[in-house]
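Have a look at the structure below, then the notes.
The values are calculated or read from the model by the stated rules, or taken from the named source; none is laboratory data. What you see is a predicted model; the values in this text were computed from it and never measured. Cβ placement follows ideal geometry from the backbone for every residue including glycine, while neighbour counts extend to all protein chains displayed. The accessibility values were calculated without ligands, DNA or RNA, using every heavy atom of the protein model including side chains. Shrake-Rupley method; radii C 1.70, N 1.55, O 1.52, S 1.80 Å.
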Amino acid sequence: MDLEKYFAKADLIPAIVQEKSTGEVLMLAYMNRESMQKTLETGYTWFWSRSRRELWNKGATSGHLQKVIDIFADCDDDTLLLTVEQTGAACHTGNHSCFFKKIK
């Protein structure tokens, strides 16, 4: 698969992660070419950490893995939507989803 079209505008693209069984949005992370390729090869999510400036396999240390079910690109091919089977919490805070802070 040629990944270049997804990175034509930027070296990092947003990746929205959604739980397949519930439709709940779990998190937003960023992918580069290498993390997207590793995700496709392994069937588990890999991202680029902007703060640590390194690849990370979600759940590799915590055991809170994300098994990829589907990957969709948006109409502009510059954002991804991954549906996953989530094991444990998706958020580093221990919450199931990173979107738990209600504003309104």
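Can you confirm whether residue 28 is open to solvent by 50 Å² or more (accessible area, probe 1.4 Å) and assigned to a strand (DSSP E or B)?
yes
So how many residues does the range 43-54 have that are open to solvent by 40 Å² or more (accessible area, probe 1.4 Å) and not basic (Lys, Arg)? Write out each step before concluding.
We begin by selecting, within the range 43-54, every residue open to solvent by 40 Å² or more (accessible area, probe 1.4 Å); these are 44, 46, 48, 50-54.
Pick out the ones that are also not basic (Lys, Arg) and you get 44, 46, 48, 51, 54.
Adding up the residues that qualify gives 5.
State whether the residues of the range 82-97 include one that is modelled with pLDDT of 95 or more, open to solvent by less than 40 Å² (accessible area, probe 1.4 Å) and under 20 Å from residue 7 (Cβ atoms).
Yes; the residues of the range 82-97 include at least one that is modelled with pLDDT of 95 or more, open to solvent by less than 40 Å² (accessible area, probe 1.4 Å) and under 20 Å from residue 7 (Cβ atoms).
Criterion first (in contact (Cβ under 8 Å) with a residue 60 or more places away in the chain and assigned to a loop (DSSP other than H, G, I, E, B)) does residue 96 satisfy it? Before the answer, list the steps.
Working: in contact (Cβ under 8 Å) with a residue 60 or more places away in the chain: yes; assigned to a loop (DSSP other than H, G, I, E, B): yes.
It is true that residue 96 is in contact (Cβ under 8 Å) with a residue 60 or more places away in the chain and assigned to a loop (DSSP other than H, G, I, E, B).
Pick from the range 58-81 the residues that are open to solvent by 40 Å² or more (accessible area, probe 1.4 Å) and polar (S, T, N, Q): which of them is nearest to residue 91 (Cα to Cα)?
The extreme case among them is 62.
Out of all the residues in the range 61-75, which are in contact (Cβ under 8 Å) with a residue 24 or more places away in the chain and among the acidic types (Asp, Glu)? First the steps, then the outcome.
First, pick out the residues of the range 61-75 that are in contact (Cβ under 8 Å) with a residue 24 or more places away in the chain: 62-64, 66-71, 73.
Scanning the range 61-75 gives a single hit, 70.
Given the residues 2, 11, which is the only one that is at pLDDT 95 or above and on the phi < 0 side of the Ramachandran plot? So that I can check it myself, show each step before the final result.
Numbers: 2 fails: at pLDDT 95 or above.
Result: 11 is the single residue among 2, 11 that is at pLDDT 95 or above and on the phi < 0 side of the Ramachandran plot.
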